[in-house]
Amino acid sequence: MATGSAVRRRSGLEGAGALAFELGLSGALAGTAGGILLMLWELVRSAIVGEGFFLPLRLVAGVFFGVDVLIAGPWSELVGALVHLAVSIFFGIVFALLVRRDLPYGKAFVSALLYGVAVWLVMTYAVLFADPVMRERLLVSPADWFWVHLLYGLGLSTAPALRRALFPARGAPR
Amino acid sequence: MLGCLALGAPAAAAPPEAPETPSNAAEETGILARLRTLNGAETEAARLAQGSALSPRVRDYAIQLLRDQRLAEQAVEGFAQSHGLELPEPEPTAEEAGELERLRGSRGPAFDHAFLAAMIADHERAIAELGAAEARAPDLALRRLLRRLIPILRQQLELGQHLEAEIGESG
């Protein structure tokens, strides 16, 4: 399998573009890992409490479809998955921009957990207002909503290690 | 991050608080008993709809109602347990019992219309009653529980209204 450096060389990316590619790819992968962890937890939890396995994905799609999403078909789950993934990747890339590539795993872990709390604040006090269906249901169990963002942070904590693994040839740390 | 749900029964069970005074306990028991009765009547109707509704969307609506009602019931039981309250068995009013009988006698498209009309009326009544109960509830934890359940009832009401309009349009 080609490393990120090899892909970068082949695609002719250099300088600022190369750094952006490195940050983007590692952040996107870490964000995807965190997003999958979070969503898996929620899907299993939702099934266990009796709300149905796919309800969390439907609630995400509620941002577009409103309350009708509660009885919508599989398309709404697909839309929910895509929106969740996009948001997870976005916050993953922002995290990758904020941390150094040589950050040891312990520090990366703590930073990612703190970042998870920041994401929780942004989601709760800004983004969730766009999706009242999900917001009102989250109010019933606010502790879980907080905890899963720490889980998201756990996935994000792999970002510096991913950068080092995928782009080993890079010189000065940033 | 965007994927979290919902009606978690464990979180809905509030931690034990200071001992209830007898009058507060009676008031809280009354509110919770009524909540259970409203929930119970809707559960019966939703169970009927699961088997009798013609439209798959109405059946899906009934399934969602049953899921939400089961969790609401758990939340009420958790609250009663943590506050040392003993709740009486749900007792539907004559009107609620009559409504169920009418549903049992309906078939096909008529059932779908009757079920949705009943759910809309029930939810409007429940939202009004629980809103009033929230205003007079003596305990902060009970007010919080009601504040969390009422928006879910509003979602169910809105969904029922959308479905009724949809089925009305399709004849």
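Any read-out appearing in this document is the output of simple, stated calculations on the displayed coordinates, not a laboratory observation. This is a predicted model, so every value here is computed, not measured. A quick note on method: Cβ atoms are made from the backbone with ideal geometry, for glycine too, and the neighbour counts reach across all protein chains shown.
Counted over all Cα-Cα pairs of the stretch B:72-128, pairs farther apart than 18 Å make up 52 percent. Report the Stokes-Einstein translational diffusion coefficient (µm² s⁻¹, integer) for the protein assembly as shown, Rh taken as the Kirkwood radius over Cα pairs, at 37 °C with viscosity 0.692 mPa s. It diffuses with D of about 147 µm²/s by this estimate. Ellipticity at 222 nm from helices only: DSSP H runs of n ≥ 4 in the protein assembly as shown, each -39500 (n - 2.57), divided by the residue count, give -26000 deg cm²/dmol.
Peptide B:56-68 is shielded by partner chain Cβ atoms: per residue, an average of 3 of them sit within 10 Å of its Cβ. Please report the projected area of the stretch A:30-91's Cα convex hull averaged over all directions, in nm². Value for the stretch A:30-91: 3.9 nm². Temperature 25 °C, viscosity 0.890 mPa s: under these conditions the Stokes-Einstein estimate for the stretch B:22-169, based on its Kirkwood radius over C-alpha pairs, is 156 µm² per second.
Here is the P(r) of chain A: all C-alpha pair distances, binned every 5 Å from 0, give 1, 9, 16, 20, 17, 13, 10, 8, 5, 2, 0 in whole percents. Shielding value for A:75-85 is 1, the average number of Cβ atoms from other chains within 10 Å of each residue's Cβ. In terms of packing, defined here as the mean over residues of other Cβ atoms within 10 angstrom, the peptides B:127-138, B:50-61 line up highest first as B:50-61, B:127-138. Neighbouring Cβ atoms from other chains, within 10 Å of the Cβ of residues in A:140-148, number 6 on average. In terms of other Cβ atoms within 10 Å, B:Thr29, B:Thr93 run from fewest to most in the order B:Thr93, B:Thr29. The separation of the stretch A:39-80 from the stretch B:31-87, counted between C-alpha centres, amounts to 20 Å. Taking every C-alpha pair closer than 8 Å and separated by at least 6 residues, the mean separation divided by the residue count of chain B gives a relative contact order of 31 percent.
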